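**Student:** Take a look at this one; I'll ask things after.
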Amino acid sequence: MMELATAITAFVTLFVVIDPIGLAPLFVALTRGMEFRQRLKIATRSCAVAFGILTVFGLAGEVILEFIGISMAAFRISGGVLLFVTALDMLFERRTQRREDQADGPPDEDPSVFPLAMPLIAGPGAMATMILLTGTPGADTAYIAAIHAVMLAVVAVVFALFLMAGLMERIIGDTGIKVITRLLGMLLAALSVQFVLDGLREFGVVAGA
């Protein structure tokens, strides 16, 4: 079974990578001019599709890696590097700009699957994180199920913030969102380094704690 501290770490990691707070203003932009019922349908569909994608990577990601001959330790290191790049993007606002570019499009199109579900919610970083979390040495069925429950909780937060995105944007403001994004970026940088150290430890390069 998963310990509380591990569950909190998994939640924080996925929360930072998916970045529900940063996605909320983009949801407003993508659904501008729509009624609440339309926004509710789009939010529900996008979160359901993203949950499905991340579940597939959480359950079968390691099998795919083994099939193509990539060790979990190597993926842990590469995943940590990928997350570190994401953290740098958050710290220097490059991630927000890229997401806004991905969100550009005619407002009358349904954005639930693309770009909301993928790549904004279930992006490469989130997919890699699911594989890393479920690929923890000694993980049993209960542990993997708990990781997916944690992921569902994060997606639920995304759904809730989508529904209150307009209100949150008015309360926090653009400056508040930028400050929170930078703080989350610093946290993600530390977590990504931990992934790299874990991978190096599996290779025997770094001594275990």
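The values are calculated or read from the model by the stated rules, or taken from the named source; none is laboratory data. Not measured: the values here are computed from a predicted model. Virtual Cβ from ideal backbone geometry, glycine too; neighbours counted across all protein chains shown. Heavy atoms of the whole protein, side chains included, go into the accessibility calculation; ligands, DNA and RNA do not. Shrake-Rupley method; radii C 1.70, N 1.55, O 1.52, S 1.80 Å.
**Student:** What do you reckon, is VAL85 open to solvent by 10 Å² or more (accessible area, probe 1.4 Å), at pLDDT 85 or above and of a type in the set (Val, Ile, Thr)?
**Tutor:** No; evaluated as a whole, the condition is false for this residue.
**Student:** Scan the stretch 182-202 and give yes if some residue there is open to solvent by less than 40 Å² (accessible area, probe 1.4 Å), in contact (Cβ under 8 Å) with a residue 40 or more places away in the chain and more than 26 Å from GLU93 (Cβ to Cβ), otherwise no.
**Tutor:** yes
**Student:** Something else: Here is a list of conditions, (1) open to solvent by 10 Å² or more (accessible area, probe 1.4 Å); (2) modelled with pLDDT under 85; (3) closer than 26 Å to THR141 by Cβ, and GLY79 meets all of them except one; can you say which number that is?
**Tutor:** (1)
**Student:** Now a separate question. Inspect the stretch 140-158 for any residue being free of Cβ contacts under 8 Å to residues at least 60 places away in the same chain, more than 20 Å from the chain's Cα centre (by Cα) and open to solvent by less than 60 Å² (accessible area, probe 1.4 Å) and give the result as yes or no.
**Tutor:** No; the residues of the stretch 140-158 include none that is free of Cβ contacts under 8 Å to residues at least 60 places away in the same chain, more than 20 Å from the chain's Cα centre (by Cα) and open to solvent by less than 60 Å² (accessible area, probe 1.4 Å).
**Student:** Among the residues of the stretch 111-126 satisfying the criterion of being open to solvent by 30 Å² or more (accessible area, probe 1.4 Å) and touching a residue at least 60 places away in the same chain (Cβ under 8 Å), which is farthest from GLN194 (Cα to Cα)?
**Tutor:** Of everything passing the filter in the stretch 111-126, VAL113 is farthest from GLN194 (Cα to Cα).
**Student:** Now for a different question. Assuming ASP174 fulfils every condition listed in (1) open to solvent by 50 Å² or more (accessible area, probe 1.4 Å); (2) assigned to a helix (DSSP H, G or I); (3) under 25 Å from LEU54 (Cα atoms); (4) of a type outside the set (A, V, I, L, M, F, W, C) apart from one, which condition is it?
**Tutor:** All conditions are met except number (3).
**Student:** Which of the helices (runs of 4 or more DSSP H) contained wholly in the stretch 1-96 include at least 3 residues that are among the β-branched types (Val, Ile, Thr)?
**Tutor:** By residue number, 4-18, 36-67, 72-91.
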